[in-house]
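Here is the structure we will look at.
What follows is calculated from the coordinates using simple rules that are stated; it is not laboratory data. These numbers come from a predicted model, not from an experiment. Every residue, glycine as well, gets a Cβ built from its backbone with ideal geometry; the counts of neighbours run over all protein chains shown.
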Amino acid sequence: MADFILNGERVSIDADPAMPILWVVREKAGLAGTKFGCGIAQCGACTVHLDGEPVRSCSTPIADAEGREVTTIEGIGGPNGELTPVQKAWVSEQVPQCGYCQSGQIMSASALLRDNPSPSDADIDSAMRGNICRCGTYTRIRRAIKVASGQLEPRDEEA
Amino acid sequence: MNELSPEKKSRLGKWSRRGFIGAGVLAGGGLLIGIGVRPGNPIDELAPKVAAGEGEQLVNSWVKIDTDNIVTAIVPHCEMGQGAHSVLGQMLADELDADWNKVRVMQAPADGSYVVTDTARMFVAPFTMNAADWIEPTWNGLFTQVARLADAMITGGSSSIRTTGQHSMRIAGAAARQMLVGAAAEGWDVPAGEIVTRGSMLIHEASGRRAPYAEFASAAAEQRMDQTPQLKTADQYRLMGRSMARTDIPAKVDGSARFGIDAEPEGLDLSYAAAIRPPVPGTSVAAMDATAAQDMGGVLQILNMGDFVAVVADSYWQAEQAARAIDIEWSASDSPVRTMTDQYGVFAAALDEAGDDGGEEAAARGDVRAGLADAATRIEAEYRVPYLAHAPMEPMNCTAHVADGACDIWTSTQVPLMARSAVAETLGLGAEDVTIHHPYLGGAFGRRLGAEYVAMAARIAQATGYPVKLIWSRGEDTQKALYRDADTCRMAAGLADNGDLTAYDAIFTQRHDPAEACVPAMYDIANTRVRLAEAPLHLPFQAWRAVDHSKQGFFIESFIDEAAHAAGSDPVEYRLAMLGKSPRHAAVLREAARISGWNGETAQGRGRGVAIVESFGTIVAQVVEVDMASGKPRLEKVWAVCDAGYVMNPDGFRNQIEGGIVFGLTAALYGELDLKDGAIVQSNFHDYRMLRIDETPDIEVAIINSGDVPVGGAGEPGLPPAAPALANAIFVATGERIRTLPLARQFV
């Protein structure tokens, strides 16, 4: 039995201690926003926060989450579904294409901006290089992080 | 504006029969005309799948209007990141004069009635039959037969806007508007010409009457439809040409967007499957020992399916762990190709055999042999490109439930009807017994034009009796899937005394689609010949973003660059001199030179390269700047100028071009699959590398709306110029001409 805090709620889930957090969250807790991409911590699609730190949930066993806080994409917004500044910037900059990697991108970016409210390009590179976007939305991800951190103005709608 | 899923809507209420009767005589786009004349109108079957609450009226199959005056655009293409749902809704809403805030977009169900006729013509006609042979029966009502032939609810070929958008959604919107106006004119007893439409409202200024569309939706459904409704001209557009925010994005930032892999159908207790397929194409299971796997936690069944082995377990992770513990012996392969050296040897043999005059001529102008013989300078080169995997972020997956002679499928697919046929054939069911549920795709790039993973899931579900979700590991999809073809291209060029290119000769071994990709048609070269010397591929082919243009763009635009340098000319000027009969191309290239500040000079250690390719109806020129100071390529900046005739959503278009460039640069720098003992070596993102954010250059995309030409595509055209522009830039920086991709391999 794995006991941990999932998006602010204490949960107790029957799972093999070696099962990665990814599959516990997706199949047992029914939270599908966290994605399976590679299974070997190479693409970042499965990024969640463990006690606030970004981890690759496909390669982190649920045993590591015992008694700790796991936050997924479903858990970062406000209580009534309000978007965070990062999510708002992802909308204003029209970042996603297929969208599959974007939960992980947003989780990585959210952790970056919490620790570093005004990241440089180099800071963005090092925080985000673990997240692959096959659609190639990187220039927009960079821009959205700068918008979320107040370094750039949001895109003019319909420009 | 937001997205609806057909499943959600279908539970809301029953279909209004009155609306159906009206809609039955209507026709919207090309394919609905086929339905309209078909005996046994299928809209009756279609209606329950798209209809919503009591009181809603189906104005026609592409658009419906409900009592809250909400307009729903029913889009037959899937959404795989290209923004088709939004922009097709935008095109329909514009012609309908709908209030954009009250427009919804819905994925059309996988039903033969949504066969994308125009796209089908593009895809099917070149390969199987000429258009007249199979389009005609549609008009005569033999629709089912065509649907079976074409299985053509296809999303691909950068075609959604220019086929379905231009030839169905806009017509549907315009037709619906005309019918609403006609109904209001009758109801108000005023001339139709005095009624204007705006913001989903009908307005008769003289009498002060105003009504929402919903008020006349039922009456409109009984109006006679104009087969050729008046479409807007560009100066009348209200939504087209504007960067409306995409409808699918809100769900893609909060984790609520549902992809195929997220299927957890209500009422089904899913089991999870992992599969191991043969490492070498064409081989099968010779023997297996599952002793270690069968006692592992959660394992329910282990299946030897002959062409693959599957484990069904309580969770995917358990299934995957157990699958890896199975010892499988595979049958021997009779392919002569064990390594890429072997594969390139097969290509070389075919090219050698074709020699100077053999092979199949794909294009010929003038006398290329005389042109080469008479040339003052002759250059020759051989180019090579490797096999590539599509590697969409969402691994291949499919959820299948087989029960009571029927099958439900949940999957990410570009070809829902083809998937339906594949499942029906595999299970021995009729197509009508198979229902395909197809939510968003986590990327596709051509990979999901194949449906083999769908048929596999259906077989596992049938064999076990469990509703089952099959997920391929990343390794399975990297090593045992369908691939962009490798190829070798031999080229020769003749230059006159003044450096002008007077002869161009190319021969290669793989030709798929588009057929014209291999021809440098925009250039005015007196003697041009392009030939195919077909050679067998070891790995199975699947169209990969930009398809033949992904290879031919590199061959042609690298070699033209070689000619420019051999002539001692500026690469932009050299191309411009050959674009006299292609004014749109010349304008695009000039603009690329202008915005990039092209002057033939770059800083020490850096190089700039240029390339221009027309693909899928859109002309794209790119200038790439690379920094070679460290000895390895570092991408600094890409400028892209695009002429797609008219861009429907500029920001969405730019996003596609940016993505195409990153995809193209990824392949150019890193994309490579090696073979060892006939099996692919690379398995995951650690050895099949993707460009990452820290390697991605700044990208600037400019749009030229030249107008008065057919609208071009967006998803693929950004890709083809990227590799040659980069290789050309590396040549400028280093003096080294790289003719074999990937480029980074040369700078390890």
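Is chain B best put as rounded, prolate or oblate by its Cα gyration tensor, with a ≥ b ≥ c the root eigenvalues, rounded for a/c under 1.5, and otherwise prolate when a/b is larger than b/c, oblate when not? Write out the running numbers ahead of the final one.
On the way: a/c = 1.96, a/b = 1.21, b/c = 1.62.
It comes out oblate by the Cα gyration axes.
Between rounded, prolate and oblate, where does the protein assembly as shown land on the alpha carbon gyration tensor, with a ≥ b ≥ c its root eigenvalues, rounded for a/c under 1.5, else prolate if a/b exceeds b/c?
Values: a/c = 1.39, a/b = 1.10, b/c = 1.27.
Note, shape of the protein assembly as shown comes out rounded.
Explain nothing, just compute: Karplus ³J(HN,Hα) = 6.51 cos²θ - 1.76 cosθ + 1.60, θ = phi - 60°, for every residue of region B:598-606 in order, whole Hz, x for Gly and Pro.
Each residue of region B:598-606 in turn: 4, 9, x, 10, 9, 5, 3, x, 10 Hz.
Per residue of region B:369-384, what does 6.51 cos²θ - 1.76 cosθ + 1.60 with θ = phi - 60° give for ³J(HN,Hα)? Whole Hz please, x for Gly and Pro, Karplus curve as stated.
Once θ is set to phi - 60°, the couplings for region B:369-384 become 5, 5, x, 5, 5, 7, 5, 6, 10, 10, 10, 9, 7, 10, 10, 9 Hz.
Given H placed on each backbone N at 1.01 Å, which residues far from residue A:68 in sequence or on other chains put an amide H within less than 5 Å of it?
The list, which skips near neighbours in sequence, is A:5.
Can you pull the mean other chain C-beta count within 10 Å for peptide B:652-664? Write out the running numbers ahead of the final one.
Working: counts 2, 0, 3, 10, 3, 1, 7, 10, 2, 2, 7, 3, 1.
Other-chain Cβ atoms within 10 Å of each residue's Cβ, averaged: 4.
Can you tell me the relative contact order of chain B? Whole percent, Cα pairs under 8 Å, sequence separation 6 or more. Don't jump to the answer; show the numbers that get you there.
On the way: 1712 pairs, mean separation 94.7, N = 748.
In percent, rounded to a whole number, it is 13.
Rounded to the nearest 20 Debye, what is the dipole magnitude of region B:550-658 about its Cα centre when Lys and Arg each give +1 and Asp and Glu each give -1 at the C-beta? Numbers along the way, then the final one.
On the way: 12 positive and 14 negative charges, 12 e Å.
Rounded to the nearest 20 debye, it is 60 debye.
Note down the net charge around residue A:1, summing +1 for each Lys or Arg and -1 for each Asp or Glu among other residues with Cβ under 10 Å from its Cβ.
Values: positive: none; negative: A:3, A:14, A:66.
Net local charge, residue A:1 excluded: -3.
Between region B:565-583 and region A:100-133, what is the separation of their alpha carbon centroids in Å?
Distance between centres, Cα-based: 43 Å.
Go through region A:100-115 residue by residue and turn each phi into a ³J(HN,Hα) via Karplus (6.51, -1.76, 1.60, θ = phi - 60°); whole Hz please, and just put x for glycine and proline.
5, 7, 6, 4, x, 4, 5, 5, 5, 5, 5, 5, 4, 6, 5, 7
What is the gain in length, in nm to one decimal, between residue B:629 and residue B:235 on full extension, counting 0.36 nm per residue of separation less the C-alpha to C-alpha distance? Could you put the intermediate results ahead of the total?
Values: separation 394, 0.36 × 394 = 141.84 nm, distance 4.97 nm.
Working it through step by step, the gained length comes to 136.9 nm.
Which order do peptides A:49-57, B:691-699 fall in by mean Cβ count within 10 Å, highest first? Display every interim value, and only then the final one.
Numbers: A:49-57: 18.9, B:691-699: 20.8.
Listed from highest to lowest mean packing, they are B:691-699, A:49-57.
Positive end of the dipole of the protein assembly as shown, charges at C-beta (+1 Lys, Arg; -1 Asp, Glu), about the Cα centre: which of B:354, B:532, B:566 has its Cα farthest in that direction?
B:566
Compare the Cα positions of A:108, A:96, A:120 along the charge dipole of region A:85-148 (+1 at Cβ of Lys, Arg; -1 at Cβ of Asp, Glu; about the Cα centre) and return the one farthest towards the positive end.
Positive-most Cα among the choices belongs to A:96.
Give me the distance between the Cα centres of region B:591-606 and region B:521-542, rounded to whole Å.
31
Ranking request for peptides B:313-326, B:346-359: highest mean number of other beta-carbon atoms within 10 Å first, then the rest in descending order. Display every interim value, and only then the final one.
Values: B:313-326: 22.8, B:346-359: 15.6.
Sorting B:313-326, B:346-359 by mean packing, highest first, produces B:313-326, B:346-359.
Relative to the Cα centre, what is the charge dipole magnitude of region A:85-148, using +1 at the beta carbon of each Lys and Arg, -1 at the beta carbon of each Asp and Glu, and rounding to the nearest 20 debye? Walk me through the numbers before you get to the answer.
Working: 8 positive and 5 negative charges, 36 e Å.
With Lys and Arg at +1 and Asp and Glu at -1, about 180 debye.
Which far-off residues, 5 or more places away or on another chain, put their amide H under 5 Å from the one on residue B:470, with H placed in the peptide plane?
B:273, B:398, B:399, B:400
Other chains near B:389-395: what is the mean number of their Cβ atoms within 10 Å of each residue's Cβ?
Numbers: counts 0, 1, 5, 5, 17, 9, 7.
Across the residues of B:389-395, the mean count of other-chain Cβ atoms within 10 Å is 6.
Using helices alone, I'd like the mean residue ellipticity at 222 nm for the protein assembly as shown: each DSSP H run of four-plus residues gives -39500 (n - 2.57), total over residue count, nearest 500. It would help to have the intermediate numbers written out before the result.
On the way: 26 runs with 275 residues, N = 907.
Computed ellipticity for the protein assembly as shown at 222 nm equals -9000 deg cm²/dmol.
How many nm is it between the label spots at residue B:496 and residue B:256, if each spot is 7 Å from the Cα in line with the beta carbon?
The answer from the label model is 6.5 nm.
With only Lys, Arg, Asp and Glu charged, each at its Cβ (+1 for the first two, -1 for the last two), find how big the charge dipole of region B:490-632 is about the Cα centre; round to the nearest 20 debye. Working shown, then result.
Values: 14 positive and 18 negative charges, 58 e Å.
It works out to roughly 280 debye.
Given the pairs B:64/B:232; A:35/B:632; A:35/B:551; A:35/A:88; B:480/B:676, which are separated by over 23 angstrom at their Cα positions? Before the final figure, lay out the partial values.
Details: B:64/B:232 20 Å; A:35/B:632 33 Å; A:35/B:551 32 Å; A:35/A:88 21 Å; B:480/B:676 13 Å.
The answer is A:35/B:632; A:35/B:551.
If we count every other residue with Cβ under 9 angstrom of residue B:582's Cβ, Lys/Arg +1 and Asp/Glu -1, where does the sum land?
Summing Lys/Arg as +1 and Asp/Glu as -1 gives 0.
So between residue A:123 and residue A:9, what do we pick up on full extension, going 0.36 nm a residue minus the alpha carbon distance? Display every interim value, and only then the final one.
Working: separation 114, 0.36 × 114 = 41.04 nm, distance 3.19 nm.
This chain segment gains 37.8 nm when fully extended.
Given 25 °C and 0.890 mPa s, compute D for region B:534-649 with the Stokes-Einstein relation, Rh being the Kirkwood radius over Cα pairs; round to the nearest whole µm²/s. Write out the running numbers ahead of the final one.
Details: Rh = 15.8 Å.
Rounded to a whole number, D works out at 155 µm²/s.
Under 5 Å between amide H atoms, partner at least 5 residues away or on a different chain: which partners does residue B:435 have, H built in plane at 1.01 Å?
B:407, B:408, B:409
Which length gain, in nm to one decimal place, applies between residue B:189 and residue B:674 when the Cα-Cα distance is subtracted from 0.36 nm times their residue separation? Please list the in-between numbers first.
Values: separation 485, 0.36 × 485 = 174.60 nm, distance 7.36 nm.
So the chain would gain 167.2 nm between residue B:189 and residue B:674.
Between residue B:365 and residue B:463, what FRET efficiency comes out of the Förster formula 1/(1 + (r/R0)^6) with R0 = 60 Å and r the beta carbon distance, rounded to 0.05? List each step's numbers first, then the result.
Values: r = 57 Å, r/R0 = 0.94.
Once rounded, the FRET efficiency stands at 0.60.
For the protein assembly as shown, give the share of DSSP beta bridges that are antiparallel, in percent and rounded to the nearest 5; count only bridges with both residues there.
Numbers: 94 of 126 bridges.
Restricted to the protein assembly as shown, the bridges split so that about 75 percent are antiparallel.
When the gyration tensor of region A:85-148 is built from Cα positions, what are the square roots of 5 times its three eigenvalues, in whole Å, from largest to smallest? Walk me through the numbers on the way to the answer.
Values: eigenvalues 54, 32, 20 Å².
For region A:85-148, the semi-axes come out at 16, 13, 10 Å.
In peptide A:85-95, how many Cβ atoms from other protein chains are near each Cβ within 10 Å, on average? The partial results should precede the final answer.
Numbers: counts 0, 1, 5, 1, 1, 5, 7, 2, 3, 11, 4.
Shielding by partners across A:85-95 averages 4.
Using only Cα atoms, locate the centre of region B:437-470 and the centre of region B:664-721, then give the distance between them in Å, rounded to an integer.
26
Can you give the Rg to Rh ratio of region B:389-450, both from alpha-carbon atoms, with Rh computed by the Kirkwood formula?
Working: Rg = 11.9 Å, Rh = 12.0 Å.
Here the Rg-to-Rh quotient is 1.00.
What shape does region B:414-478 have by the C-alpha gyration tensor, where a ≥ b ≥ c are the square roots of the eigenvalues, rounded means a/c under 1.5, and otherwise prolate means a/b greater than b/c and oblate the rest? Write out the running numbers ahead of the final one.
Working: a/c = 1.97, a/b = 1.27, b/c = 1.55.
In terms of gyration-tensor shape, oblate.
Can you give the % of DSSP beta bridges in region A:1-100 that are antiparallel, to the nearest 5? Before the final figure, lay out the partial values.
Details: 12 of 14 bridges.
So the antiparallel bridges amount to about 85 percent of the total.
So for chain B: antiparallel DSSP bridges make up what percent, rounded to the nearest 5? Before the final figure, lay out the partial values.
Working: 81 of 111 bridges.
Around 75 percent antiparallel, to the nearest 5.
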